[in-house]
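Structure first, commentary second.
The values are calculated or read from the model by the stated rules, or taken from the named source; none is laboratory data. Not measured: the values here are computed from a predicted model. Cβ placement follows ideal geometry from the backbone for every residue including glycine, while neighbour counts extend to all protein chains displayed.
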């Protein structure tokens, strides 16, 4: 085949691919996941039904954090070094605005309505609240305590956070922009996890990684109702989407304790391996996937029979995990692998598909069943 004809055919194929790519719709976040490359200025958009990347967003900078609203077609991504966030319109596939912040957005969290997002800095402190619907900064507090992920309460007013410097659980009122703290421990230099909540918002859980204690705080009385001890260094507590169970994972000893939230009695106490600190919950709280963000091991757990039903090793180092809204599938992004794992929770099967060029720096889904965490 003459070289000229071959070049023309190649140009035609490239042009057709570009047209098809531009025609791909990414305006419904409910069906999508977003994974940012850890080195390149790129976000891959994943179609959850097809299990593959369908579009790539070229960004203005490398992305450290990102969230997407399930109900407003808006993607928000951030770079900590630049102290900058970008609002991206998923309908028109273009940047709407770029906002420079007075605080560093090291942690970015979506609220329960999907219409607000909050940014915090665990190193220097500060808090910023964004509107995902109007795509603007609502307010910023530069004197806010240094903390990791915040927790939005379903009342759309309170935001919970932990303050390791004071050993306290804090509550920020979005309306008054004032915050108060509840002391959990008088011991100095305590390492507290980010808070989690029960499905109804009545119980707030905080793990103390220093002494192994997990505090159960009643959100109405603002007092410690009960505490549990995992033994060494508990990971952030996890409450299941149906609200029935509380999972306490010790990432040093590998101990997993399942607590029934109605009676607060232990229904299971088993031993896995060190490093387990993340979970994706299956339908009806049945088959769950426990894994580590420090090693590549994972475990399938049958919550009905209180038994481990499978185990293995991922191809890469997990960055984070998200469960699908229907509880059938879990998605795992890897920091050192240019793939995403699609995990069938009911059949304990794993399929990998290409995503990113260098591994993930951030990962989120339009709608997940990780609702209380």
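Where in the stretch 266-353 are there strands (runs of 3 or more DSSP E), lying fully within it, with 2 or more residues that are surrounded by fewer than 17 Cβ atoms within 10 Å (Cβ to Cβ) and in contact (Cβ under 8 Å) with a residue 24 or more places away in the chain?
307-313
Considering each residue of the stretch 248-257, count those that are farther than 25 Å from residue 365 by Cβ and either assigned to a strand (DSSP E or B) or in contact (Cβ under 8 Å) with a residue 24 or more places away in the chain (or both), and give that number.
Of the stretch 248-257, the ones farther than 25 Å from residue 365 by Cβ are 250, 252-255, 257.
After this cut, where a residue has to be either assigned to a strand (DSSP E or B) or in contact (Cβ under 8 Å) with a residue 24 or more places away in the chain (or both) as well, the list is 250, 255, 257.
Total meeting the criteria: 3.
With (1) surrounded by fewer than 21 Cβ atoms within 10 Å (Cβ to Cβ); (2) touching a strand residue (DSSP E or B) at 6+ places or on another chain (Cβ under 8 Å) as the list, and residue 360 as the residue in question, which single condition is left unmet?
(1)
Would the stretch 31-40 turn up any residue that is at pLDDT below 95, in a loop (DSSP other than H, G, I, E, B) and either surrounded by fewer than 19 Cβ atoms within 10 Å (Cβ to Cβ) or touching a helix residue (DSSP H, G or I) at 6+ places or on another chain (Cβ under 6 Å) (or both)?
no
Filter the stretch 89-105 for residues that are out of contact with any strand residue (DSSP E or B) (no Cβ under 7 Å at 6 or more places or on another chain) and in contact (Cβ under 8 Å) with a residue 40 or more places away in the chain; which is surrounded by the fewest Cβ atoms within 10 Å (Cβ to Cβ)?
My answer is 91.
Within the stretch 117-155, restricting attention to residues that are within 15 Å of the chain's Cα centre (by Cα) and assigned to a strand (DSSP E or B), which residue is nearest to residue 192 (Cα to Cα)?
The qualifying residue nearest to residue 192 (Cα to Cα) is 151.
Working only within the stretch 225-249, note down all residues that are closer than 14 Å to residue 215 by Cα and buried (at least 20 other Cβ atoms within 10 Å of the Cβ).
Listed by number, the residues that qualify are 230, 233, 234, 235, 236, 237, 238, 239, 246, 247, 248, 249.
Please find, among 112, 134, 120, the residue that is more than 17 Å from residue 36 (Cβ to Cβ) and in contact (Cβ under 8 Å) with a residue 60 or more places away in the chain.
Result of the check over 112, 134, 120: 112.
How many residues are closer than 20 Å to residue 168 by Cα, surrounded by fewer than 21 Cβ atoms within 10 Å (Cβ to Cβ) and in contact with a strand residue (DSSP E or B) (Cβ under 6 Å, 6 or more places away or on another chain) when one looks only at the stretch 115-147? Even if it seems obvious, please write down each step before you answer.
Initial filter on the stretch 115-147 (closer than 20 Å to residue 168 by Cα): 118-127, 141-147.
If we keep only those that are surrounded by fewer than 21 Cβ atoms within 10 Å (Cβ to Cβ) too, we end up with 122-125, 141-143, 146.
Now restrict to residues that are in contact with a strand residue (DSSP E or B) (Cβ under 6 Å, 6 or more places away or on another chain): 141.
Total satisfying the criteria: 1.
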